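Values quoted throughout were computed directly from the atomic coordinates according to the rules given, and no laboratory measurement underlies them. Fair warning: this is a prediction, and the values are worked out from it, not measured in the lab. Cβ atoms come from the backbone with ideal geometry, glycine included; neighbour counts cover every protein chain shown.
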Amino acid sequence: MSRISHPTPRTVIVGASAAGVSAAEALRTRGYDGDIVLVGAENHEPYDRPPLSKQALHDPVSVGALTLRPPNHLQNLGIDLRRGVAAVHLDSRHRKVLLEDGTDLEFERLIIATGVNAKHLPADNNISGVHTLRTVDDALHLQAALSAASRLVVIGGGFLGTEIAAAAIQRGVEVVLATKAPTLLENALGSEVGQQLTSLHQKQGIRLRTGNDALVQSLRTNGHRVTGVHFASGGTENADLVVVAIGSEPAVDWLRASSLTLSDGVVCAADCSAGDGIYAVGDVARWHNPLFDLSMRIEHRTNAVDQALHVADRILAGDRLPYTTVPYFWSDQYKVKLQAHGYLRDHDEVQILQGSIEEGKVIAIYRKGGRLTGVLGAGAAKAVRQWRAHIESRTTWAQALEVAQSNS
Amino acid sequence: MNFDINVSKCVGAGVCAIAAPEIFDQNEDDGIVVVLNAHPPAEQESKLRDAAVRCPAAVITLSQQ
């Protein structure tokens, strides 16, 4: 490698959303005096994504209201922001990133923060009325489409699908929500909580298709315009708007010819390094989280920042401390704000300690193996944060049940 | 170092209360930020900075006064 070939040390950060912006800012404000180049494929000032499936679907919002930093903040820090230009290739041997406009960016350090792309149905391109939601442009299009829509079919019953369905029905659009699981959010939160959330959506008037009845066979069209969804089990749902929310995949196509290991994300060591002086952060990064002893890739807003700060600190300190974190996310489901700490997926057991989703106040804890690995709550933010501390201190399930007993 | 908060943007994540428990807390239910000390002493400045940068809704703005 030729790390000293560039006259001034330079860090290139690819991806200018929460993770990339936080990494750039932290490097500079914590003492890095080399060049920092921040490359973003989208043409907007860096903006925040969680509101895209929440407020931004209710009211027309300006991109300016969603920006992550005040105007010129990054430039004032001496960060070279290149907007509207995607990275197309990483040459790890010669330590340079090729951009789509032909620019070669040599680097000493590289931070990969390209996030994820929405998954599409096969052959849903070029059909109008079929949307996915990942970028602010997607949100603006969907927000406008909801104003004109009368019947929406949402395919996918995860967080994105349920938030979109909730926004749509509150705007007076008839909604059919199709999820391959028996209940909404079942994969993320388990069947009991999933059932309660399903009831919540049904009470708001959402019509559900679950399990085999939710498998899409094809889209019905009139010309290039969607008019409905044919399901494999036989039925057809009329729709003048379809949203595909079937998950996402790491944005790693530009890395396929590099020497990095890709496996559902950029595979990193415990310190989030993926190669010599190369790191990945945010939704795109897969690393081993020592706290749970699991390989993880986390698509949460707070992780994007925490992981970016961790990597900035490793670059500045020159060490390889592992990144240990308790993941956190929130989701707005009507008036209910769900908050979860820990790793809830692939759990072995869920115990609802108090309340229910319907009451707007609930606490549930999650077990994997012999340990407490997650907590979900609504209307109990502070209590839930106390459970987070138990997850962080590797509390056993038996101890957790004792804590629950003494709290009740 | 002082700071401003925009409570209307708060999502109740509690990141600030974890990063700077002497300065921030959350209310019991929805977790919206509660300020414990609007004029934190100098030795808490790094915690305050940490809370501001980690907040997932950019609620905390630092000011030099």
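Counting only DSSP beta bridges with both residues in the protein assembly as shown, the antiparallel share comes to about 65 percent. Local charge for B:ILE32 was computed over the other residues whose Cβ lies under 12 Å away, with Lys and Arg +1 and Asp and Glu -1, and equals -1.
Take the Cα of B:SER46, step 7 Å toward its Cβ, do the same at A:SER191, and the gap between the two points is 5.0 nm. Dipole check for the protein assembly as shown: with +1 at the C-beta of Lys and Arg, -1 at the C-beta of Asp and Glu, and the Cα centre as origin, the magnitude is about 400 Debye. The simple spin-label model puts a point 7 Å past each Cα toward its Cβ; for A:GLN204 and A:ARG171 those points are separated by 1.3 nm. Based on C-alpha pairs under 8 angstrom that are at least 6 apart in sequence, segment A:120-246 has a relative contact order of 33 percent. Pairs to check: A:LYS180/A:LYS203; A:LYS203/B:LYS47; A:LYS335/A:LYS368; A:LYS96/A:LYS368; A:LYS96/B:LYS47. Give those whose C-alpha atoms are more than 32 Å from each other in this structure. Over 32 Å apart, Cα to Cα: A:LYS203/B:LYS47; A:LYS96/A:LYS368; A:LYS96/B:LYS47.
Please check: in the Gaussian network model of chain B (C-alpha springs, under 10 Å), which one of B:ALA52, B:ALA17, B:ALA42 has the largest mean-square fluctuation. Between B:ALA52, B:ALA17, B:ALA42, it is B:ALA42 that shows the largest mean-square fluctuation.
Centre-to-centre, using Cα atoms only, segment A:1-78 and segment B:5-25 are separated by 23 Å. Loop-located trypsin sites (Lys or Arg not before Pro) across segment A:242-317 with a Cβ neighbour count of 14 or fewer within 10 Å are A:ARG256, with loop assigned by DSSP. For the pair A:ALA232 and A:ASP276, a Förster radius of 60 Å applied to the C-beta separation gives a FRET efficiency near 0.80, rounded to the nearest 0.05. Note: chain A, Cα convex hull, 142 Å³ per residue. Connecting C-alpha atoms closer than 10 Å in a GNM of chain A, tell me which of A:GLY275, A:GLY247, A:GLY223 has the biggest fluctuation. It is A:GLY223. Charge dipole of segment A:120-246 (Cα centre as origin; +1 on each Lys and Arg Cβ, -1 on each Asp and Glu Cβ, all else neutral): 200 debye, rounded to the nearest 20.
Each other residue within a Cβ distance under 11 Å of A:VAL176 adds +1 if Lys or Arg and -1 if Asp or Glu, for a net charge of 0. In this simple spin-label approximation, A:ARG30 and A:HIS89 carry label points 7 Å from Cα along the Cα→Cβ vector, and these lie 3.3 nm apart.
Note on chain A: GNM, Cα springs under 10 Å; of A:GLU186, A:GLU237, A:GLU163, the largest mean-square fluctuation is that of A:GLU237. Near A:GLN351, once Lys and Arg are set to +1 and Asp and Glu to -1 for all other residues with Cβ below 15 Å from its Cβ, the sum equals -1. Dividing the mean sequence gap of close Cα pairs (under 8 Å, 6+ apart) by how many residues chain A holds gives a relative contact order of 14 percent. Quotient of the Cα radius of gyration of segment A:217-280 and 2.2 N^0.38 Å, N being its number of residues: 1.87. Of the trypsin sites (Lys or Arg not before Pro) found in segment A:102-147, the ones in coil according to DSSP and having at most 15 other Cβ atoms within 10 Å of their Cβ are A:LYS119.
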